[in-house]
Each structure stands twice: as structure tokens, then as C-alpha cells.
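Just below is one structure, and these are the notes that go with it.
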Number of protein chains: 2
Amino acid sequence: MRLSRFFLPVLKQTPSEAQITSHRLMLRAGMIRQEAAGIYAWLPLGHRVLRKIEQIVREEMDRAGAVELLMPTLQLADLWRESGRYDAYGAEMLRITDRHEREMLYGPTNEEMITEIFRASVKSYKQLPLNLYHIQWKFRDEQRPRFGVMRGREFLMKDAYSFDLDEAAGRASYDRMFVAYLRLFARMGLKAVPMKAETGPIGGELSHEFIVLAQTGESAVFLDKRILDLPIPADDVDYRGDLTPVIDAWTHLYAATEDVHDATRYERDTAEVDRMTARGIEVGQVFFFGDKYSTPMKATVSGPDGAERPAQMGSYGVGVSRLVGAIIEASHDDAGIIWPDTVAPYGVGIINLRAGDATCDAACESAYAALTTVGKEPLLDDTDERPGGKFAAMDLIGLPWQLIIGPRGLAEGMVELKRRATGDRQTLSLDAALQVICG
Amino acid sequence: MRLSRFFLPVLKQTPSEAQITSHRLMLRAGMIRQEAAGIYAWLPLGHRVLRKIEQIVREEMDRAGAVELLMPTLQLADLWRESGRYDAYGAEMLRITDRHEREMLYGPTNEEMITEIFRASVKSYKQLPLNLYHIQWKFRDEQRPRFGVMRGREFLMKDAYSFDLDEAAGRASYDRMFVAYLRLFARMGLKAVPMKAETGPIGGELSHEFIVLAQTGESAVFLDKRILDLPIPADDVDYRGDLTPVIDAWTHLYAATEDVHDATRYERDTAEVDRMTARGIEVGQVFFFGDKYSTPMKATVSGPDGAERPAQMGSYGVGVSRLVGAIIEASHDDAGIIWPDTVAPYGVGIINLRAGDATCDAACESAYAALTTVGKEPLLDDTDERPGGKFAAMDLIGLPWQLIIGPRGLAEGMVELKRRATGDRQTLSLDAALQVICG
């Protein structure tokens, strides 16, 4: 993409309404624009990051055997009356009446609807295990929306739902999602720690939150720091095999948010040298809740013995839009965002220090073409802004590499290459720079 | 994908509520499930088609220089009061009140919001031309939702918005979208004909609808059939050059829907031998409306002379979810859907005629691996359904190729390959079949 044809409204001033780093940086970097309290437009740069995160989530869901579909944003109130949650959900549910006075709502989650879809066609254990997921906009009418996309009202969530014949198989489905979550957060460059969690309005007895460690996180967390050195399951992990050893390794060490922290147990189970207090951001949660929805909604399957029983269910959420903020909280410096390579909106920023100069333009176009061909998705700053402004904007938007091309360097056959994360700079030929970028 | 792990609830019976072919076939093929009047869940097979169509639209928008962002589904009523459309829009607008009694709505279109985004940061002609688009769910509270996804209430639309300094530049933006539309519908295997259209609630003087010809189309159309032989602009079309010759070629021959049909002009301008009456489905519409929104909403830019003037705007819609139905209306037979290759949910259906037989299983797995590797996205029917049921389901879901592998053929080193569109069958070795499929 050429910046002259892009839409990147960066702000020079720090917006006063932003209380936290990620919100401030997303506004300054022209990633989002608030359209109502807790409701944002994703401007082109922000939209690209959102899609990269979504795609990583999708790939890991698919790898774990989940099947993608897409449920609508609006739901019938009557569906939620079947589970008993319509009245229980409270003011966070956005209730809507259509032109025919039908009661509807903007879905905050989809346990009821997926159970309805399941019961309409799945009748036999032979069709199990089944895990269906979608990536769709949700709405929770927060009393005080704040912190930008971290606690918005309209937000993008991946939610998966597993169906099994018995509790053991349901636990195996839970374990698969647990492993998929370890992988997908790690692929985004995050240190995400699973922590035992309360289940709240989703229900059930078993739940883990995945908490990203970030200095500016929303809540305190207490953990055995050896968790941070555990290996992430590889991409050839056998999802049809027994995953309990992986789960055990990740859950037997202490890790808890302040909400459920048990100081006595922490001090008993964790040697002082291994204790670590940090701050964290919840980016995903997994639940196993058995027949909480399948029994009232009559989603039953027949087993090998012919007997009908309610499906054993779990649900598994990832806050896709929230992750954009969480990644920034975990990876930034005073100059701006530092995107991990896997979620960066563009792979390389090419800075043309003298747009309009034939030699500079030719070198930039050559680099642009080469990087485009190999899929590195360059963003070429071909505007007539001054160099200082270009450097600041490129640091702010945080692309992993900056390729700086100017007349003085070119006179000696040289360009400059900067790695955003470390600030390391090297002066080298354009060909050598392209080789470094392409690894 | 292996069918045993997929979720494909095909129906043997024809659902009684479906009045048109595409609705009936989408329900029977397990592509959608109705969750409320005019509101559908996209089951995995339908979701894949939706994504393929979306991706073609995206690629052609990007090629034409449009920049993708994503606006939220919900909007503030006050924004629509600025343009004067809030009261004018009528009962099709779904009006919503949040917990703080703020008046909101589920966006049926986004002229106001994009104008607000534009005016917040674009001040100079140097930032033009600009074309911003998104692909997002919309809601129109139809009085009588019907015909499945063809006239749903919650629907997926691509809407693009162009901004220019003067009318001539605005017309050039319109022409770029016109050409992009010719390309994107053709890539989906459709014959789409641009026809002069009325502008309705969007406004302006200049508009074309793109109408797909299908025997079961919703309205009668009258055209000079030589339009159908016009060449589609190639993928290296120069969007920075003058496109008026292309537009002229596509608009000087007569083509009109019954709404605006002028029989006198038709008979005067079109030789009898070239006249064609058909039925059509609207799948896209383009508008140029100048300053209809930019003047009341004060979206002005300064020109080279320093004078401020309202931006000249156009908007450009494609009915992404509607296209799934339109393609089926245009491409089916008595046995089911016939997907054009570019939008097929899977490229090849592999039918294992004796799942559990070691030789059949091995041959199917080998074909599956080979086709997966080359990106042909096979769907392997590895279930223990009887052959007749497998053939019927595969015809119904309409994948372009069927690779039929059974014990009798394998004993002679042969498999059967069927092209869904023509019904042509050939018996050949597995290697030869794979070569035919891979073209």
C-alpha cells in the first residue's frame, strides 16, 4: 500500500479522553474512531490488525477440529426464555423491539442459538464430537464503556461450542480448546497464562481464563513464574490424542487473578523464589457446563445403547477486538506501538526521504515491488511530509521493520534498516536489506 | 474437510416455507437455518460460499484503489438527524434505545457515518481521491421478509463511498466502481448487466443497478442482447486511466428493468433481432449524489485555490449475502446447486463408495492429500451412508467435481470423475483424474 492512497489519520496530539495506553495509541495511530460510547469504527490500519488476529484464531480453531459457521447478531427473546437467561441477564443485554413488536436482542453470546441449531439436526452419538464456532460482533450494554476497544459495547468475539455424549468426551473437547488457546495467543506474540476462573452467567463448574501479562493490565495476578517457561504445543500437536499431560502441566502450577486468589494456598504451594505478582488482561475464557443448556432446551442425543441423554456442552470465547488493545498494552514503548510480526498491519514500512526525487522514487518502488512479491506487505510512505514527521509516524504505527531510503545514502549505494522492537539500525545495500527482512 | 467431522445437515424433504429455488436449495443443502423472520444462521457450507464471494468483492475493490475499513453495526440517531434521513427513513429502520435512553439504530447503510469519518480528518484536495469501503452486516426491517437470503432483514453488504473535489473527479470514481462491478460479478460466473436506475432514499441523479439474469429472477428486464457479448475488463485494467470508453460501451445499448422500462425508446433504439426479454435479480447498485450528504454535514475540502467546497460523493453497494441466492438462481438443475468454480464451498467432492474398506480408504486419503496440497479444497464423504444417498447429497450441494472411488473400479485401477455442471463422466486412473481436476 502507498501511503498517498491510504487513509491513515494519525493524530499529533494525545486525545484527552483516553485513559489507558492502548486506547491512546490506537486513536493516535489512526486505528479506530469512536462513533458512540463503546462503539468504534475500525479505520484501515486497525481493521488490518483485527483481520490478522481473526485469521490466527480461525486457523487454530480449524486445526483443533472446530467447524466455522456464522450466526446472526440479532436473536429472538423467546430463545433465551427457553434457557431462563432472558430475565436473568440484566441491563447489559440490549433489548430490541422490531416493527411487528417482536421482542429481540443483540446477542451478547450464543449458547442458546447454537443449542437450537444443534438440536434441530444432531440426533446420534455418531455425529459427535462436534465443535461449532463463529467470529461475529456481539453487544453488551456496559454501564460505563471505557478503555477503548478493551471494554467496548460492540465487540468482535470468537465463540466456539462443543457437544459430546458424556462428560469424559466433553472434558476432552475442553482440553482441545485449551491447547488451541495456548497456541493461538502464543502465535500473536503474547504470554497468555490459563488461570482457574469463576463461571458467572455462562454457568458450569469448570472454567479457565487466559490472562495476558502486561504492566498496564486491568487486574493483579499471582503466579508461579515457571509457567512462563512451559513449552507451547507445536503445530503438529495430536488433537485426536490424549491432551491431559499438557493440561496438567499448565494447571498444576499456581496462577490466579485477584478475584479468586488464595494467598494461603499460593504460599503453601509455590516456593518464594518462584512467586511472581504481575498485572494481566483477560483475553479468552473456556467453560465446561455439561447440560446447563441442553437439558432445558431438550438437545438430546442417543448413545450406542439407544438411550437419549442431553448433550454435554462447553463454550470457548476469545475477545478478538479486545486482543488488539491487549497486544498493544503488552508491546509498546514511548514512541508508539511495537507489533509482533504475526499481527502487524503491514510487514515493512518503506520511508522515502525525498519523494519526487527520481533516484529515491525508483529505489523505493523497486523495494516495494520486491517486498510485495514475497508477501511482506510493505507500506510505502511516498508523501511529501518532512523526514521527522515520517519517522515519528512510522514509530507510532509500529511496523516490525523500517526501510529508510534517502538521497545521501543512495549516493553511496546504501539504505538504512531499522528493527522497530529493538531500535537496532544498520546501513547496508538495498539488496542486503531485503534479504535481512525476508529472513 | 472430512464429512464425518463436518456439520452438513442436508434435508431429504423440500421445506414447505420456501417459495423460490435458491431458498429451497439453501435449506435442503444445509447452508442456512432461519433464526427469526428474515434472519439466518449461515451453517458451515453456506458460510464458506459467503466468504468466497466476500473475498472476490474485496479483491476487486482493492484492485480499483478502494481502502477497506469496518464501521460498527449500530449508529447514533443524531448522526442521521444531521442529514435529515432519520425521520425520512421510515419503518424499515430498526430503531433501538440503549440502557441510558440514547436513541440508536441498526445501520441499513452508512452514508452519514462515513461522511462523519471523512470530515474529521480530510481537509485538502491533496488527500483525494479517496474511496473507503467495508463489508458489514446491515439491517432493514422489511414488512414481509421472504425468499430466504434474497430479501432478508439482517444481510451482509459491501458498501463503498467515494470522495472527490469536483464532479468530474467524482464521475471518474463512479466509473472505477462501475468497472470493478463488471469484473467482480463476472468472476462469480454471473452475467450481470448494468441498467440505469432510480436513486430512491440514497439520493442523487445518476445510478445504475447491476442485474443478474436468471430465469427465476424477481423482475422482468428488457435489453439489447448484444450487451451479453461485451468483453469484461481484464485484471490489468488501468484504473488510473480514462474508463469512459468502457462505460460508454456498457451503457449505450438499451437495458432496463420493468420499473423504468420505456417501450417506445426500446423499440426505436434496438433492432427487433437484438431485443431480449428476460428476468433479473438486482445484486448491486452504484450512485453518484454529489453533495447531498457533504453539504448538510459540512464535509468540505479546500481546493488548489484555497477555497473550501463540499466533497463530491458516490456510494456503491453489493449484496454479498443476496449474491449467494442469486448465484443459485442462475446456476442449478433439478438435482441441486451447480457452483461456479470460483465460489464453490469446496472444489471437489470425493465419494468413498465403501468407507471402511482398506483399499477404498487408502485411495480416498491419497486423493484427499493430493488435492489439499494443491489448494483444491476437497470434501471427502467418508461416512457409511449408502452410495445412492451420497450421490444425491453431492449433486445437491453442487461442488464442481465429483471423484467417485469404489472397490469395483479400484480392482481395475480406475475411479470415476464427474463434472457437476455438465454431468459428463469419465472412468480413468486416479492420477489421471487428479490431473484433469487440477487442469
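So, in the stretch B:125-139, how many residues would count as being under 18 Å from the mean Cα position of the chain (by Cα) and more than 9 Å from every other protein chain (Cβ to nearest Cβ)? Break it down stepwise before answering.
First, pick out the residues of the stretch B:125-139 that are under 18 Å from the mean Cα position of the chain (by Cα): B:133-139.
Among the residues that remain, those that are also more than 9 Å from every other protein chain (Cβ to nearest Cβ) are: B:133, B:135, B:138.
Residues flagged as under 18 Å from the mean Cα position of the chain (by Cα) and more than 9 Å from every other protein chain (Cβ to nearest Cβ) within the stretch B:125-139 amount to 3.
Could you check the stretch A:147-185 and list, in sequence order, the residues that are of a type in the set (Lys, Arg) and outside any strand (DSSP E or B)? Please lay out each step first, then the result.
Of the stretch A:147-185, the ones of a type in the set (Lys, Arg) are A:151, A:153, A:158, A:171, A:176, A:183.
Answer for the stretch A:147-185, where residues must be of a type in the set (Lys, Arg) and outside any strand (DSSP E or B): A:ARG153, A:ARG171, A:ARG176, A:ARG183.
If B:ILE117 satisfies every condition in (1) touching a helix residue (DSSP H, G or I) at 6+ places or on another chain (Cβ under 8 Å); (2) farther than 26 Å from A:MET93 by Cβ; (3) hydrophobic (A, V, I, L, M, F, W, C) but one, which is the exception?
The number of the failed condition is (1).
Among A:MET104, A:MET113, which is aliphatic (A, V, I, L, M), in contact with a strand residue (DSSP E or B) (Cβ under 8 Å, 6 or more places away or on another chain) and in a strand (DSSP E or B)? Step through it out loud before you land on a result.
On the way: A:MET113 fails: in a strand (DSSP E or B).
The unique qualifying residue is A:MET104.
What's the number of the condition A:ASP62 fails, among (1) buried (at least 20 other Cβ atoms within 10 Å of the Cβ); (2) within 30 Å of B:ARG2 (Cβ to Cβ)?
Failed condition: (1).
The rows are residues; the columns are (1) buried (at least 19 other Cβ atoms within 10 Å of the Cβ); (2) in the same structural domain as B:ARG48 (by TED's automatic domain parsing); (3) in contact with an Asp or Glu (Cβ under 7 Å, 6 or more places away or on another chain); (4) not aromatic (Phe, Trp, Tyr).
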position	(1), (2), (3), (4)
B:ASP357	no, no, no, yes
B:LEU371	yes, no, no, yes
B:ASP395	yes, no, no, yes
B:GLY409	yes, no, yes, yes
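Among A:ALA214, A:ALA168, which is the only one that is touching a strand residue (DSSP E or B) at 6+ places or on another chain (Cβ under 6 Å) and of a type outside the set (S, T, N, Q)?
Working: A:ALA168 fails: touching a strand residue (DSSP E or B) at 6+ places or on another chain (Cβ under 6 Å).
Of the residues listed, the single one that is touching a strand residue (DSSP E or B) at 6+ places or on another chain (Cβ under 6 Å) and of a type outside the set (S, T, N, Q) is A:ALA214.
Right, A:GLY46: facing chain B (nearest Cβ under 9 Å), out of contact with any Gly (no Cβ under 7 Å at 6 or more places or on another chain), outside any loop (DSSP other than H, G, I, E, B) and over 23 Å from B:GLU154 (Cα atoms) or not?
For A:GLY46, the condition - facing chain B (nearest Cβ under 9 Å), out of contact with any Gly (no Cβ under 7 Å at 6 or more places or on another chain), outside any loop (DSSP other than H, G, I, E, B) and over 23 Å from B:GLU154 (Cα atoms) - is met.
Inside the stretch B:218-237, can you point out the residues that are surrounded by fewer than 12 Cβ atoms within 10 Å (Cβ to Cβ) and without any contact (Cβ under 8 Å) to a residue 24 or more places away in the chain?
Our first condition is that a residue be surrounded by fewer than 12 Cβ atoms within 10 Å (Cβ to Cβ); within the stretch B:218-237, this holds for B:229, B:231, B:234-236.
The answer is B:ASP229, B:PRO231, B:ALA234, B:ASP236.
I want to confirm something. Restricting to the stretch B:34-47 and keeping residues that are under 19 Å from the mean Cα position of the chain (by Cα) and not hydrophobic (A, V, I, L, M, F, W, C), which single residue is farthest from B:VAL149 (Cα to Cα)?
Result: B:PRO44.
Determine whether B:ALA344 is touching a strand residue (DSSP E or B) at 6+ places or on another chain (Cβ under 7 Å) and surrounded by 24 or more Cβ atoms within 10 Å (Cβ to Cβ). Spell out the reasoning first.
Details: touching a strand residue (DSSP E or B) at 6+ places or on another chain (Cβ under 7 Å): no; surrounded by 24 or more Cβ atoms within 10 Å (Cβ to Cβ): yes.
So B:ALA344 does not fit the description; no.
Among the candidates A:THR216, A:THR257, A:THR244, which residue alone is farther than 14 Å from A:GLY280 by Cα and in contact with an Asp or Glu (Cβ under 8 Å, 6 or more places away or on another chain)? Even if it seems obvious, please write down each step before you answer.
Working: A:THR216 fails: farther than 14 Å from A:GLY280 by Cα; A:THR257 fails: farther than 14 Å from A:GLY280 by Cα.
Sole residue among the options that is farther than 14 Å from A:GLY280 by Cα and in contact with an Asp or Glu (Cβ under 8 Å, 6 or more places away or on another chain): A:THR244.
Among the residues in the stretch B:81-96, are any at the interface with chain A (Cβ under 10 Å from one of its Cβ atoms), closer than 25 Å to B:GLU218 by Cβ and among the acidic types (Asp, Glu)?
The first filter runs over the stretch B:81-96 and keeps only residues at the interface with chain A (Cβ under 10 Å from one of its Cβ atoms), leaving B:90-96.
Retained after the next criterion (residues that are closer than 25 Å to B:GLU218 by Cβ): B:90-94.
Next, only the ones that are among the acidic types (Asp, Glu) stay: B:92.
Yes: the stretch B:81-96 contains one or more residues that are at the interface with chain A (Cβ under 10 Å from one of its Cβ atoms), closer than 25 Å to B:GLU218 by Cβ and among the acidic types (Asp, Glu).
More than 10 Å from chain A (Cβ to nearest Cβ), at pLDDT 95 or above and more than 28 Å from B:PHE163 (Cβ to Cβ) - does that describe any residue in the stretch B:104-115?
no
For the stretch B:116-141, what are the residues that are touching a residue at least 12 places away in the same chain (Cβ under 8 Å) and either assigned to a strand (DSSP E or B) or among the small types (Gly, Ala, Ser) (or both)?
B:SER124, B:LEU130, B:ASN131, B:LEU132, B:TYR133, B:HIS134, B:ILE135, B:GLN136, B:TRP137, B:LYS138, B:PHE139
Would you point out the residue of the stretch B:49-70, among those that are touching a strand residue (DSSP E or B) at 6+ places or on another chain (Cβ under 6 Å) and closer than 30 Å to B:ALA393 by Cβ, that is farthest from the other protein chains (Cβ to nearest Cβ)?
Across the stretch B:49-70, the extreme among qualifying residues is B:VAL57.
Could you pull out the residue among A:SER4, A:SER83 that is in contact with an Asp or Glu (Cβ under 6 Å, 6 or more places away or on another chain) and closer than 19 Å to B:ALA41 by Cβ? Quick ask: steps written out before the conclusion?
Numbers: A:SER4 fails: closer than 19 Å to B:ALA41 by Cβ.
From the options A:SER4, A:SER83, the qualifying one is A:SER83.
Does any residue in the stretch B:142-167 that is within 16 Å of B:SER315 (Cβ to Cβ) and not assigned by TED's automatic domain parsing to the domain that holds B:LEU69 come within less than 8 Å, Cβ to Cβ, of a residue that is assigned to a strand (DSSP E or B) and of a type in the set (Lys, Arg) six or more places away or on a different chain, and which pairs are these?
none
Of all strands (runs of 3 or more DSSP E) completely enclosed by the stretch A:238-332, which ones contain at least 2 residues that are free of Cβ contacts under 8 Å to residues at least 60 places away in the same chain? Lay out the reasoning, then the answer.
Numbers: elements: A:255-257, A:275-290, A:300-302, A:308-310, A:312-319.
Filter on the stretch A:238-332 gives A:275-290, A:308-310.
Check whether at least one residue in the stretch A:5-19 is away from chain B (no Cβ under 12 Å), in contact (Cβ under 8 Å) with a residue 40 or more places away in the chain and touching a helix residue (DSSP H, G or I) at 6+ places or on another chain (Cβ under 7 Å), and report yes or no.
Yes: one or more hits.
Out of the stretch B:264-291, which residues are within 30 Å of B:GLY325 (Cα to Cα), surrounded by fewer than 17 Cβ atoms within 10 Å (Cβ to Cβ) and either within 24 Å of the chain's Cα centre (by Cα) or modelled with pLDDT under 95 (or both)?
Hit for the stretch B:264-291 is B:THR277, nothing else.
For A:THR73, state whether it is free of Cβ contacts under 8 Å to residues at least 24 places away in the same chain, within 10 Å of another protein chain (Cβ to nearest Cβ) and of a type in the set (Ser, Thr, Tyr). Spell out how you get there, then give the answer.
On the way: free of Cβ contacts under 8 Å to residues at least 24 places away in the same chain: no; within 10 Å of another protein chain (Cβ to nearest Cβ): yes; of a type in the set (Ser, Thr, Tyr): yes.
It is false that A:THR73 is free of Cβ contacts under 8 Å to residues at least 24 places away in the same chain, within 10 Å of another protein chain (Cβ to nearest Cβ) and of a type in the set (Ser, Thr, Tyr).
For every residue, the table says whether it meets (1) within 23 Å of A:THR257 (Cα to Cα); (2) more than 14 Å from chain B (Cβ to nearest Cβ); (3) buried (at least 19 other Cβ atoms within 10 Å of the Cβ).
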{"residue": "A:GLU142", "(1), (2), (3)": "yes, no, no"}
{"residue": "A:ASP159", "(1), (2), (3)": "yes, no, yes"}
{"residue": "A:GLY170", "(1), (2), (3)": "no, yes, yes"}
{"residue": "A:PHE178", "(1), (2), (3)": "yes, yes, yes"}
{"residue": "A:TYR181", "(1), (2), (3)": "yes, yes, yes"}
{"residue": "A:LYS191", "(1), (2), (3)": "yes, yes, no"}
{"residue": "A:PRO194", "(1), (2), (3)": "yes, yes, yes"}
{"residue": "A:GLU198", "(1), (2), (3)": "yes, yes, no"}
{"residue": "A:GLU205", "(1), (2), (3)": "yes, yes, no"}
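Does the stretch B:257-302 hold any residues that are under 30 Å from B:ALA186 (Cβ atoms) and of a type in the set (A, V, I, L, M, F, W, C), and which are they?
Scanning the stretch B:257-302 gives B:VAL260, B:ALA263, B:ALA271, B:VAL273, B:MET276, B:ALA278, B:ILE281, B:VAL283, B:VAL286, B:PHE287, B:PHE288, B:PHE289.
The values are calculated or read from the model by the stated rules, or taken from the named source; none is laboratory data. Every value quoted in this text rests on a predicted model; they were computed, and no experiment measured them. Glycine gets a Cβ as well: all are built from the backbone with ideal geometry, and neighbour counts include every protein chain shown.
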